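Each remark here refers to the structure printed beneath this line.
What follows is calculated from the coordinates using simple rules that are stated; it is not laboratory data. Keep in mind that what you see is a predicted model, and the values were worked out from it rather than measured. Every residue, glycine among them, receives a Cβ derived from its backbone with ideal geometry; neighbour counts consider all protein chains shown.
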Protein chains: 2
Amino acid sequence: MSSFDDDTRVLADGKHSFTGTVHPAWNIGANPNGGYLLALAVSALRQDAPDHHLDPLSVTVHYLRPGLGGQPCRVDAHVLRSGRTLSTGRAALVQAGEARIEVLAALGDLHPGAEPALTIPPPPIPPPDQCPQRSGGQQGVELPILDRLDIRLHPDEAVAGRAGSAQVSGWIRFRDGRDPDTLATLLFADAFPPAVFGLLGMIGWVPTIELTVHVRRRPAPGWMLGAFRARDLVDGRVIEDGALWDSEGRLVAQSRQLALVRQAERKP
Amino acid sequence: MSSFDDDTRVLADGKHSFTGTVHPAWNIGANPNGGYLLALAVSALRQDAPDHHLDPLSVTVHYLRPGLGGQPCRVDAHVLRSGRTLSTGRAALVQAGEARIEVLAALGDLHPGAEPALTIPPPPIPPPDQCPQRSGGQQGVELPILDRLDIRLHPDEAVAGRAGSAQVSGWIRFRDGRDPDTLATLLFADAFPPAVFGLLGMIGWVPTIELTVHVRRRPAPGWMLGAFRARDLVDGRVIEDGALWDSEGRLVAQSRQLALVRQAERKP
């Protein structure tokens, strides 16, 4: 088993109730990564869903409070309706008596052989060994999560502010060799530096208000490619659009998040 | 008061509980429009939120079952956390004892004067009087909602299948002269024909699984312009991206929905 499987494992603790631990290994600075918290909650929701509805088709999470790394958690996960093609449910991850995240999701079954009628091709990027590793120094915070994830950034975008536009792209995989799946895709959708860093340089914390991920197919083994862009920033709130492709160049997921763009002095 | 205000009005009926009616005037075929149901639910959530958090900043709705036009409804609306800049809550619209939609939303305060640092310009389109009205005949279903909404489609896209690509754009306003606001924007984000009609022609029902709308500013009075496009269709599920601009050409909202593309014989 890989650390991702270990660290997203939850145990049933009553009807629609599960317990687990928010492991600090997935922190960004002092706070657990939002994609990791989401994967933990969806891991519980999968246990509440029928066995043939395990792929997250559409997942929305709202971040109410930062998670507490190293602390136990409870996940209230409840499938509200289960039909032939999908199950819809909600989940809340609770620590120290307070909901940290709220999730609304549809789970279903992604057919590995489906050929897309319309799809989005991956952007050009040099191979992983020609892309520098993401590091905490580039971002001004400690990134324990980089001991778990190997992230290689596009050479033109690896230094904050250098891209001259609000975009970031790169490769991602687990360091322990675990292959990606649809649960890991939720984590990968929130593991790259904020796209606004490419435009504004280091600006400290960019806390996510809400993240929606649509998973479109099960990824092939190997590296995944992510590309993220912000085209809409007003009044300190940015919308970042993203997409992830697998090692065969097939679209695996689309993502969109609403985040606050704060000044550097406000970083946690 | 306009019909939209009348038909989205709910009354408090206990703590976090509201009652109203799903009016059949907003039907698409036999079913209430999904954007109208969403506006009804968010109308209740606004009553549960502080008075200074009335703009829907980020709203996600999952459609569990079709609404029942002409029937009363209950909305369970509950603000889960209220902070300085936004309130997060969930809502469920219930009819005949079953949840029809589930909503997770962040409400806040959109500052009218905010100038965007990044934004998306509107696409070119002829003025409203040169765009044909949307009609039920174009889509193969009766559209009572068109007695409430004046929708003018781009002349190159007004006949299903003619555009040759999965896109639709056009103008929208209330027939009774009510000006748009951020609540109406939720309805407008789901009131155009499905973008896949432009590619596939009339294909019957395109039921929405999930819709997320990000409202970015309060719209100016007058017509709003909507543009919707699908770039990702696989295994009978499509992602449609949309945006809405106000009469001053400013971006008001972005939307994304996951929908089923069904065969014509499956329409309800």
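General remarks:
- Extending 7 Å from the Cα toward the beta-carbon at both A:ASP129 and B:VAL159 defines two label points whose distance is 5.7 nm.
- Options B:ALA12, B:VAL59, B:LEU80, ranked by Cα towards positive dipole end of region B:1-109, top entry (Cβ charges): B:LEU80
- Sorted from nearest, the other copies put their B:LEU146 label points 5.8 nm away, the label point being 7 Å from Cα in the direction of Cβ.
- Exercise: per-residue mean of other protein chain Cβ atoms within 10 Å, A:210-216: 5
- Put a plus charge on the Cβ of each Lys and Arg, a minus charge on the Cβ of each Asp and Glu, and nothing anywhere else: the dipole of region A:206-268 about its Cα centre is then about 100 debye.
- Partner shielding of A:1-12 amounts to 0, given as the average count of beta-carbon atoms from other chains within 10 Å of each residue beta-carbon.
- In this Cβ point-charge picture (+1 for Lys and Arg, -1 for Asp and Glu), chain A has a dipole of about 380 debye about its Cα centre.
- Copies compared at A:ARG81 - label distances in nm, ascending, label defined 7 Å from Cα in the Cβ direction: 2.8
- Footprinting exposure proxy for A:CYS73, B:CYS131 (fewest neighbouring C-beta atoms within 10 Å first): B:CYS131, A:CYS73
- Amide H contacts under 5 Å for B:ALA117: A:LEU233, A:VAL234, A:ASP235, restricted to partners 5 or more places along the chain or on a different chain, H placed in the peptide plane at 1.01 Å from N.
- Theoretical ellipticity at 222 nm over chain B - DSSP helices of four or more residues, -39500 (n - 2.57) apiece, nearest 500: -3500 deg cm²/dmol
- The relative contact order of chain B, computed from alpha carbon pairs under 8 Å that lie at least 6 residues apart in sequence, is 18 percent.
- Cα→Cβ-extended label distance, 7 Å offset, between A:LEU146 and B:ALA12, nm: 5.1
- For region B:25-181: Kirkwood Rh in Å [reciprocal of mean 1/r, alpha carbons]: 17.9
- Selection from B:VAL206, A:MET1, B:LEU244 lying farthest towards where the dipole of the protein assembly as shown points positive, charges on Cβ: A:MET1
- Ranked B:SER255, A:SER165, criterion: other C-beta atoms within 10 Å, fewest first: A:SER165, B:SER255
- Over region B:150-268 - Rg/Rh using Cα atoms and the Kirkwood inverse-distance radius: 0.97
- Region A:244-252 - phi-based ³J(HN,Hα) in whole Hz, Karplus 6.51/-1.76/1.60, Gly and Pro as x: 10, 10, 8, 5, 9, x, 8, 5, 9
- Computed about the Cα centre, the dipole magnitude for region A:135-268 is approximately 120 debye when only Lys and Arg (+1) and Asp and Glu (-1) carry charge, each at its Cβ.
- Residues B:ARG90, B:ARG229, A:ARG81, sorted so that the one with the fewest Cβ neighbours within 10 Å comes first: A:ARG81, B:ARG229, B:ARG90
- Label point 7 Å beyond Cα along the C-beta direction, distances from A:PRO112 to other copies (nm, shortest first): 5.8
- Region B:204-260, Cα convex hull volume normalised per residue, Å³: 85
- Förster radius 45 Å - calculated FRET efficiency between A:ALA114 and B:ASP51, Cβ distance, rounded to 0.05: 0.40
- Rg over Rh, two decimals, the protein assembly as shown (C-alpha only, Kirkwood Rh): 0.94
- Rounded Å value of the spacing that divides the Cα centres of region B:125-167 and region A:30-68: 39
- For a label point 7 Å along the Cα-to-beta-carbon line of B:ASP179, residues of region B:206-239 with backbone N under 19 Å: B:216-226
- Rg then Dmax, both in Å and based on the Cα atoms of region B:1-111: 13.2, 42.
- Calculated P(r) of chain B - Cα pairs past 31 Å, %: 20
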